[in-house]
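This report refers to the structure that appears directly beneath it.
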Amino acid sequence: MRIQSFRRLCRCLSALVMAMAVSTAGAQSGVQERKLANGLRVIVKEDHRAPTAVHMVWYVAGSMDEVSGTSGVAHVLEHMMFKGTKTVESGEFSRRIAAAGGRENAFTNRDYTAYFQQVPKSALAQMLQLEADRMSNLLVTESEFSREIKVVMEERRLRTDDQARALVYEALNAEAYVAHPYRRPVIGWMNDLTNMGYLDARNWYAHWYVPNNALVVVVGDAMAEEVFALAQRYYGRIKARALPVRKPQIEPEQRGVRRVVVKAPAELPYLLMGWKCPVLRDMDKDWQPQALEVLMWVLDGNESARLNQSLVRESRLAGEVGAGYDPIGRGAGLCLIEGTPSKGKSAAELEAGLRAELARLVQDGVTEDELARVKAQVVASQVFKRDSIFGQAMEIGQYETAGLSYRDIDRVLEGVKAVSAEQVRAVAKQYLVDDQLTVVVLDPQPLDNAAPRPAMPGARH
Amino acid sequence: MPVSLNRAKSNLLRLAAALALSITACAAQAALPIQHWTAASGARVFFVESRNIPMLDINVDFDAGGRRAASDKAGLGGLTHTLIKAGSAARSEEEISRRIADVGAQLGGSVDRDRAGLSLRTLSSERERVQAVATFAQMLQTPEFPQAAFAREKARLVDAVSEDETKPDSIASKAFYRLLYAAHPYALSPTPGTVAQIERADVVNFYRAHYVAGRAVVTIIGDADRALAERIADELTAGLPQATGAAVALAPVTQPAKQTQRIAHPASQSHILLGLPAIARNDPDYFPLLVGNYVLGGGGFVSRLYLEVREKHGFAYDVYSYFLPLAQEGPFQIGLQTKKEQAGEALTRVHAVLGEFLERGPTAAELKAAKQNLVGGFALRIDSNRKLLDQVAMIGFYRLPLDWLDAFAARVGNVSVAEVRAAFARRVRAEHLVTVVVGSGEK
């Protein structure tokens, strides 16, 4: 889940991720959709293989909707959503789901915040009831906030501050984007977390958590008409409200390569390169995103794909390489290539090796064998993904919150299958260019030389 | 790359990792039709026919995990597992991955202290299946371990292990297992020094000694009938090395003395682990420990450790406990990470929660809630071919009864408060509790 916007970057995850990266032939035919009077959309995909279902609520409010000074508030509010409503006290939400045999969690991304429960089918109605309750009745108290913000700061320490590669990724976004809100980390800058108050979270909830900004997705052993009736009963009584104006915040044109060095405790250097690339906007016209998808598979779609074969196996410049690109999103797109130089090799040598591979691709194009292989993998992944109702619900939610439709899932697949070798070469030539590139290099620091960090000031009490 | 943040992602993941302890069954569910036979090669085969999706999942496990390596060559198990894919008599490693990808199939694998497993997911349509299975079969049974690939993968392993040795979570985990298991091979983790000792001949010999037909466990789930599953199992195992008898028995696990190890690290958080060797896979204390641990630190957002350490005090994003049953006594482990300045205080809270639980056990209400979740949520454990594959492979490898899943709900349901308390008293004894703190806040 964590890798949604970083698809396929880690090749070890590629099998799993690929299944979600493109989509399925005709698999969306069983999907049904209903829109309630308050603007809430409900999408149901019946899958009766097992007596379970997944229920998700997606809000089109992520870190890209934040403003400077309160970065991280979308994610903090996500935490606060478990802290009680007017009728369900703090912690009771999770107790009820557990007692129903369910599993639950939530995730915040740049584009959205989503909540889910995986439950035995008999508990589905209760999940709609509980989610509808916290869509409109959440209490955000100073007391609960003061404890939870400390948890979020621990989360930042764990997953960013003490992780060299996460710091590199954070630096890449902060450097690649000057104006676009993707420059801010989803978890927020530590200083913004330190200075956040419960009213920031409460305001966020008041602005964005409305039915006309939400999407309910149910996949599993449920009947669509019954889900629609339950949705009407529980969500239908929530009133629509006007949303804040969303400013476009278009990134100004980049005019040359940008380079950043990050120092952090580590053994080996690490290289992350990101190029500005388009994302899918107009299903009738866009073909470049599908061609970029194919390009990434050619580079990193299997263990004998170009990057691994050339740089890990043959030249042994790298211990690990990966490529990733997410064509689905509300904001801007990046094509990413990462690598770890082998011991004794530098990040600069690895970068030169990666550039040589890209130059070869632009010069000679891709082979028909490579193209056929990618398409075989895409076709198979459409079958494999049916094994996971959770994955199917994720895919629907990601398309819909990005402004596309679940119906486009199949169309994107057809687009990927139709990509030609010449189109792959053309997008490589057009987009993987220095003027659009940001490079971040990890400069590894020995553990005993790392300067002690100043203690962060504590959270509000 | 944390682009997307979860409220407690790692708890969920850990739930999956600790699934070893969380397999449940549902009383309402019809008996799970696991077919079982022994192939002519001697491999034990487990098969579940599932025709809903035109795909097939296959897993082959061997008793070839980390514990089978000599202590001065720790890493040999993992390295051998990696090199299985590096070229067979018929195909180079490049050809192997291409032939798999050409039919849209996916290779996977995992290796832990007990098991080394390789897996294949393929479409069930004939052309795709035949090519994928044949390539997988050649790979498994005729690996060549080419010298160049050996040198490369050895160097990559040294690099990866060296990198791990800079990370506080890896440092903590490795120290934890070393203290728990001392001279027992469960203590082993590769270091740059032990990997450097490994020669190509060691890999060849490890493969011949441990990737043997008579100790292979083949699990097949998906769109096939019995006859096809039998042919696949034969194709995958007929050419494996032969060995007579059972694997060499390893020394028994002994309990460590109570101790605390503090390791300096520049990270902003302390990584804290507590635990001891606790339970083997087929132990009757399994069910009381499963139910009890749900209350203590296993149950997502409702456990005592979660409520005390995270909800009440905001000390940690991630706090958990689990039992990991292995062939021999696997660990009981409590873990959390918290900023250094408050590590001592957080540890005090953990001790208080654990001490209280060991003394009194769960309340009747907690016991009921645990059973509701474990029994009620059973269907979620097996609602995909992938999940089912993991469960059935585990049953096969550890020789659990075939009705393990079917009997599970009843066995969970029968657990009493007194049994939980007694099982914890037997298995989690304070005089053996090991604590590791990496990035210690106290000088």
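The values are calculated or read from the model by the stated rules, or taken from the named source; none is laboratory data. As the structure is a prediction and not an experimental result, all values here were calculated from the model. Quick reminder, even Gly has a Cβ in these numbers, built from the backbone with ideal geometry, and neighbours come from all protein chains shown. Side chains included, ligands, DNA and RNA excluded: accessible areas come from the protein's heavy atoms. Shrake-Rupley method; radii C 1.70, N 1.55, O 1.52, S 1.80 Å.
Annotation note: Cβ proximity below 6 Å between a residue of segment A:107-122 that is within 9 Å of A:Trp58 (Cα to Cα) and a residue that is in a loop (DSSP other than H, G, I, E, B) and open to solvent by 10 Å² or more (accessible area, probe 1.4 Å) (sequence gap 6+ or interchain) occurs for A:Tyr112/A:Val60.
Taking the condition in contact with a helix residue (DSSP H, G or I) (Cβ under 8 Å, 6 or more places away or on another chain), closer than 17 Å to A:Val419 by Cα, modelled with pLDDT under 95 and part of a helix (DSSP H, G or I), does A:Val378 pass? So A:Val378 passes the test. State whether one or more residues within segment A:108-129 are hydrophobic (A, V, I, L, M, F, W, C), at the interface with chain B (Cβ under 10 Å from one of its Cβ atoms), surrounded by fewer than 23 Cβ atoms within 10 Å (Cβ to Cβ) and within 23 Å of A:Gly331 (Cα to Cα). No, segment A:108-129 has no match at all.
For every residue, the table says whether it meets (1) open to solvent by less than 40 Å² (accessible area, probe 1.4 Å); (2) in contact with a strand residue (DSSP E or B) (Cβ under 6 Å, 6 or more places away or on another chain).
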site: A:Pro252; (1), (2): no, no
site: A:Val260; (1), (2): yes, yes
site: A:Leu268; (1), (2): yes, yes
site: A:Trp275; (1), (2): yes, yes
site: A:Pro278; (1), (2): yes, yes
site: A:Asp282; (1), (2): no, no
site: A:Lys285; (1), (2): no, no
site: A:Arg306; (1), (2): yes, no
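Is it the case, given these coordinates, that B:Arg349 is of a type in the set (D, E, K, R), over 30 Å from B:Val217 (Cα atoms) and open to solvent by 10 Å² or more (accessible area, probe 1.4 Å)? For B:Arg349, the condition - of a type in the set (D, E, K, R), over 30 Å from B:Val217 (Cα atoms) and open to solvent by 10 Å² or more (accessible area, probe 1.4 Å) - is met.
Here B:Ala116 meets each of (1) more than 12 Å from chain A (Cβ to nearest Cβ); (2) within 23 Å of B:Tyr207 (Cβ to Cβ); (3) more than 26 Å from the chain's Cα centre (by Cα) with one exception, condition (3).
Of the residues examined, A:Met81 is one that is under 22 Å from the mean Cα position of the chain (by Cα) and either within 18 Å of A:Tyr198 (Cβ to Cβ) or among the basic types (Lys, Arg) (or both). In summary, A:Ser146 fulfils each of the numbered conditions (1) in contact (Cβ under 8 Å) with a residue 24 or more places away in the chain; (2) out of contact with any helix residue (DSSP H, G or I) (no Cβ under 6 Å at 6 or more places or on another chain); (3) within 26 Å of B:Ser384 (Cα to Cα) with the single exception of condition (3). Restricted to segment B:30-98, the set of strands (runs of 3 or more DSSP E) holding at least 2 residues that are open to solvent by less than 10 Å² (accessible area, probe 1.4 Å) comprises B:44-49, B:55-62.
Considering the conditions (1) within 13 Å of chain A (Cβ to nearest Cβ); (2) in contact (Cβ under 8 Å) with a residue 40 or more places away in the chain; (3) open to solvent by 20 Å² or more (accessible area, probe 1.4 Å), B:Leu179 is excluded by exactly one of them, (1).
Take the conditions away from chain A (no Cβ under 13 Å) and in a loop (DSSP other than H, G, I, E, B) and apply them to B:Leu400. Does it pass? In short, yes.
Of all residues in segment A:327-344, those satisfying the criterion of being assigned to a loop (DSSP other than H, G, I, E, B), under 30 Å from A:Asp282 (Cβ atoms) and either polar (S, T, N, Q) or open to solvent by 20 Å² or more (accessible area, probe 1.4 Å) (or both) are A:Arg330, A:Ala332.
B:Ile198 meets all of the listed conditions (1) touching a helix residue (DSSP H, G or I) at 6+ places or on another chain (Cβ under 8 Å); (2) assigned to a helix (DSSP H, G or I); (3) over 28 Å from B:Gly439 (Cβ atoms) but one, namely (2).
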